[in-house]
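The values are calculated or read from the model by the stated rules, or taken from the named source; none is laboratory data. These figures come from a predicted structure and were not determined experimentally. FYI the Cβ positions are ideal-geometry reconstructions off the backbone, even for glycines, and counts take in every protein chain you see. Remember, those area values only see protein heavy atoms, side chains included, never the ligands or the DNA or RNA. Shrake-Rupley method; radii C 1.70, N 1.55, O 1.52, S 1.80 Å.
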Amino acid sequence: MSGERAATGESTPTTAAQPADDERDQLRYAWRVLSVVTMASVLTTLGGTALHVALPEVVRQTHAGATAANWILLAFQLTTTVLMVTFGRLADLFGRRAMYLGGLAVYTSASLLAGFSPDAWLIVALRVAQAVGGAMLLTNSAALVADAFPRARLGEGMGIYTASFSVAQLAGPTLGGLLAETMGWRWVFWYNVPLGLACLLWGALVLRRVRPNEGERGLDIPGNILVFVSLGGLLLAMSEVTRLSWNHPLVLAGFVAFAVVLPLFVLRELWARNPVVDVRMFREPLFALTTLSSLLTSVSRIGVVFLVALFFQAVHGETATQAGLRVLPLPVAAMTASILSGFLQRRYSPRALALLGSALSTGGLAVLGLVISPAASALTIMGALVLLGIGSGMFLPANTTVLLRELPENRLGIVNAMRLMLQNTGVVLGTAMALSIVTIPLPAALHDQVFAGTLSAAGDTAVGQLVTGYHWALGCMTGVSAVATLACLARHRLR
């Protein structure tokens, strides 16, 4: 029979159909994994953006002071960033499925308890617990997508995964305001519970059990402590410098801790048997340039939405709701471009798309810096935001694909964790840089009016000084973004 098939040119159906069936099964599983990951990403991002809007109500109802109010937001950001590399290493050692489901359970439980909190500082403590769960999720999200998708289709998954954050950023402020006004501030935490349980159940059904890495299983405890102290000191100092000033003892202590402990951390990791951060990876040009561009991109672009919303309030005298609508074009453009970027990667190199996205973002920042003024129309400013959003949305999924597609699978967890750690560090550095520079031309007595959005009442001179600060800040952000574009260009030329 086999001879007859060979003679007549017929093929064996099973051998022809098997690869196609395998590919369909892999893609079916990959899209299900993506649904789990995007649900959890929307959940955790909604939590942060909703709380930003609802924070005044939380502060009033819990009688929180300014310090406690600040730490309700800051505790989550700091904790998530400094724990990412630890959980990235643990995920590579013990399995991403268990780490991901554990993160969902921790985040959901902490949200439930936070809603019952009678005291602001207890909320801060439970925000730390939420951040532990959030770090377990964020560290593994992109790695789970990279594991599930075929390398040729990874860009599509990354595009949709990245767009999920923009969806949450769009819906979060509205959700936070609605819950705080109609149901009370506790529901800003409690709404996470049913969503978290649904994500946990769906994840348990979808995610496959995969044998963890059977290689080295050690955990570098001293390295984890050192990275926590050094990075935590830097992030604490940069987060508090705008509120406390550069010469405040807490700010100085944070900078000193970073400067002293960082060299000790690098030396420890060079000699550690199982380093928490393999600093030797930065000798690889692809990894070094990709993480550098990610860091600089975060530094240069993260503060734009806040700065522009503040501009419309402080200079044009608009309400917070009106200012929020003015900046919507940026996340809408970013979400659309993220999805399109993923599908464009089927035809174009992700390196080329990341380079184009970075260049467009740099152009958007430059245009924004040139046009922003008291006389500038809202449409002109919104046009610059659209250009910036398109570039940002195109850059992030393509840049992530470059990193995760071209590195060994058994290092995806720690590599993605290092990418996110640097990206989140860039968020804190960029926010502190923008807020510090924009207020430099103003007298110190007027700084509170800037952040309260009431500076327009102080007169044309004060408004002119603030606009000068905006030009300085956006000029610095454009310069940093240009360096990120140069890093993408250098990577594009690598073989």
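Extending 7 Å from the Cα toward the beta-carbon at both Ala204 and Glu284 defines two label points whose distance is 3.6 nm. Helix 304-314 axis versus longest C-alpha principal axis of the chain: approximately 20°, rounded to the nearest ten.
Couplings 3J(HN,Hα) of segment 335-347, computed from phi: 4, 5, 5, 4, 5, 5, 4, x, 6, 5, 5, 6, 10 Hz, in residue order, whole Hz [Karplus 6.51 cos²θ - 1.76 cosθ + 1.60, θ = phi - 60°; x for Gly and Pro]. Each of Phe282, Phe287, Phe76 has its accessible area taken with a 1.4 Å probe; listed largest first, they run Phe282, Phe76, Phe287. For segment 341-387 versus segment 120-158, the inter-centroid distance based on Cα atoms is 27 Å. Across segment 268-343, the relative contact order, built from alpha-carbon pairs under 8 Å that are at least six residues apart, equals 15 percent.
Could you list the trypsin sites (Lys or Arg not before Pro) in segment 253-361 that lie in coil according to DSSP, counting only those with at most 14 other Cβ atoms within 10 Å of their Cβ?
On the way: sites: Arg268, Arg273, Arg280, Arg283, Arg301, Arg326, Arg346, Arg347, Arg351; in loops: Arg273, Arg346, Arg347.
Those satisfying the criteria are Arg273, Arg346, Arg347.
Taking the C-alpha atoms only, the angle from helix 221-244 to the longest principal axis of the chain is near 30 degrees. Expressed as a whole percentage, what fraction of the accessible surface of the chain belongs to carbon and sulfur atoms when a 1.4 Å probe is rolled over the protein heavy atoms? Using a 1.4 Å probe with all protein chains present, the chain comes out at 67 percent carbon and sulfur. The simple spin-label model puts a point 7 Å past each Cα toward its Cβ; for Leu252 and Asp25 those points are separated by 6.6 nm.
Contour minus end-to-end for Gln61 and Leu73, with contour as 0.36 nm per residue of separation and end-to-end as the Cα-Cα distance?
On the way: separation 12, 0.36 × 12 = 4.32 nm, distance 1.64 nm.
Value of the extension gain: 2.7 nm.
Full extension of the chain between Leu379 and Leu112 gives 91.9 nm of extra length, using 0.36 nm per residue less the Cα-Cα distance.
Between 0 and 90 degrees, the angle of helix 460-492 with respect to the longest Cα principal axis of the chain falls at about 20 degrees. Normalised per residue, the accessible area of the chain is 42 Å², obtained with a 1.4 Å probe and no contribution from ligands, DNA or RNA.
Using C-alpha pairs below 8 Å separated by at least 6 residues, the relative contact order for the chain is 21 percent.
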